[in-house]
1. Name the strands (runs of 3 or more DSSP E) wholly inside segment 1-107 in which the number of residues that are among the hydrophobic types (A, V, I, L, M, F, W, C) is 3 or more.
2. So, restricting to strands (runs of 3 or more DSSP E) that lie completely within segment 203-274, which ones have at least 3 residues that are buried (at least 16 other Cβ atoms within 10 Å of the Cβ)?
3. Scan 114, 139 and give me the residue that is touching a strand residue (DSSP E or B) at 6+ places or on another chain (Cβ under 8 Å), crowded, with 20+ Cβ neighbours inside 10 Å, in a helix (DSSP H, G or I) and not polar (S, T, N, Q).
4. Could you say which residue among 98, 131 is in contact (Cβ under 8 Å) with a residue 12 or more places away in the chain and of a type in the set (A, V, I, L, M, F, W, C)?
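What follows draws every value from the coordinates through simple rules; no lab data is involved. All of these numbers come straight from a predicted model, not from anything done at the bench. FYI the Cβ positions are ideal-geometry reconstructions off the backbone, even for glycines, and counts take in every protein chain you see.
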Amino acid sequence: MIHLKKMTFFYDKKQPSLFQNVDFYQPTGNIIGLFGANGAGKSTLLKLIAGLIRPKEGSIKVNDYLPSNRDPRFLQEIFLIDEELFLPDLSIKRYISMLAPLYPKFGHDKMNQILADFGLQSSDHLKKLSMGQQKKFIIAFGLSTNCKLLLLDEPTNGLDIPSKKIFRKVLVNAIEEDQLVIISTHQVKDIENIIDKIVILDQGKIAFSEELTQITRKLQFKHVFEEMDKNDAIYTEKCFEGYKVILPVENQEETAIDIELLFNAVNNDTKITM
C-alpha cells in the first residue's frame, strides 16, 4: 500500500516544486506503468517512495511505514532497481550469498530460474558483464527478493529485443497477487501488455491514474481517415494516413489502449473524465 498525502517536494527552493500537494493512494496487487515527460519526476517519485529522499511537506506512507525512517522491516519489503547501476566487484554467487539474507522471503530457486532465462550463470563476474547483462542480473535479484513493493526505473534500458521479451515473461511469472510493482519507463511498447494500471505525471502532479479495465470501459482509441468534429472526439492527433482519436465509449466495443496517445492527451491538458 502506498499513500501520498499533500506531498510536496523540490530540490531547490528557488525553483518551482517538482511535486506540489500530491495525493495518491494505491493498494497492493497491481503492475503500474509510470509515465511522464523528461523532468516530470518519475525517478524522484520512486526515490521518495523508497525513502531515499524526504518530502518537504506532506507525508508518504508505504505499508504503514514512513519510508524516510528506513525501518529495517520496511527495507526487507521494498526493492528499487535504479536506472544507473553500481554493482560491486563480486561474482553473482558471492553477491547473492551476501545480500539475499537481507530479504527473508528471498527465493533461491526463483533466482536460479530467472538467471537461466536470461542466460546468466552464478559464476559470472558482475564487473565483467555488459550493461544489459548487469540489468538482467539485478532484475533477477529484485524479483527473487519477493518484496511486497518493487520499484523499477527504466528496467528495459540496455536490453536488446529478445531480452525485453524475456523480461516481460519473467516479470509476469514471478509476481504474486499481493505484490505491487511500479515500472517507470519511456519505452511504452516494452510494458504495455503487462501493466494493469497507468499513472501519468505532469506539471507537478499525478495528472492521470486509472486501471486499464476502467479505461477500456470508458474510452475508445481509433484510427480514422477524416478529422472528426471536436465535439465528438475527446482528443485528436494527426498521424500518417489520417488521425488517431480518443472517443467516449458509446457501445460495448472495446479497443486496444493507445498509451502514447493517452499520454499525449494528458500532456496537452485534455480533460479525460473516467
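1. Counting at least 3 such residues, we get 2-9, 19-26, 31-36, 78-81.
2. Numbers: elements: 205-211, 219-224, 235-239, 242-248.
So the answer is 205-211, 219-224, 242-248.
3. Residue meeting the stated conditions: 139.
4. The conditions single out 131.
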